[in-house]
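Every number in this text was worked out from the coordinates using simple rules, so none of it is lab data. Nothing here was measured: the structure is a model prediction, and the numbers come from that model. Here the Cβ positions follow ideal geometry from the backbone for every residue, glycine too, while neighbour counts run over all protein chains shown.
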Amino acid sequence: SSPQVDRLFIAPGNGGTAAVGQNVPIDAEQIEALVAFARQESIDLTVVGPEAPLVAGVVDAIAQAGLRAFGPSAAAARLEGSKAFAKQFMIEEGIPTGMGAIFRDYGAAQAYLRQRETPVVVKASGLAAGKGVSVCSTRQEAEEALRQMMVERVFGPAGDEVLIEDCLVGEEASLLAFCDGRTVAPMWPARDYKRLGDGDVGPNTGGMGGYAPSPYLPPALVEELRVRILQPVIDGMRRRGTPYVGVLYAGLMLTEEGPRVLEFNARFGDPETQVLLPLLESDLVDIFLA
Ligand code: GLY
């Protein structure tokens, strides 16, 4: 808790948040209703948690209403909202990432898949609640994942564009940082476990559990990642006229050839936040305001 907060509202909240503030029955994606509520209650600071309202422009809408919100604009949140945009951006900025190709045409995607080695990764470009990534150990599995995304449209329009990527092997790490559009302040590195089953097997989920600090990212490596990955993201986004303000989350694979970015998230990670925030000694509100 922060001495600067005397009233806390959570929209829509849940049974746990009711213990720390007042739940408000407005869905996180009802942007107009959220702005109206923020106006009505003269909310000093809105902190946006999930990706869908960020990508839909809730921070822009709150700013247009003359109020303060912590999180990236819709244009900056494309780093998470479009994996195709993020991949293209990383290639242009020389940010280390895995080899991958982007497709809108199902036939072209099938043809590319036939030339790749397995295991291979098939990703829906748009938002799919953490479930749009299939790590496929056989070509048959990959063809099925591709068909489900592009033909069955199990993720709706999120699968109209797909990425087919070489599978990176190593230890995974999550490096989250506070960003003000120019500077980057990394948090402790964390490890989350995305796969459904015990022993880190099965399909990817939105996240099963995690811990921090991750011993795989000692301070010298975090500093190297700040210089080679996080700062170039902030500089590149600012140069494009879409400065990145908020929490930038780099999902990394520590391969034998060095760290590679798997994905960016435009927000605090779940479950990483549950292990990172208890390690924070500063007042979180001061950070949000900065
Ligand atoms: N831990 C991954 C995520 O929040 O999407």
Under the 7 Å Cα-to-Cβ spin-label approximation, Q30 and Q148 lie apart by a distance in nanometres of 3.2
Long-range share for the stretch 52-153, i.e. C-alpha pairs more than 22 Å apart as a percent of all pairs, stands at 42
Counting only DSSP loop positions in the stretch 189-290, the trypsin sites (Lys or Arg not before Pro) whose Cβ has at most 15 other Cβ atoms within 10 Å are R240
Under 5 Å from the placed amide H of T205, counting only residues 5+ away or on other chains, we find R195, L196
In a Gaussian network model of the chain with springs linking alpha carbons closer than 10 Å, the residue among F264, F37, F103 that fluctuates most is F37
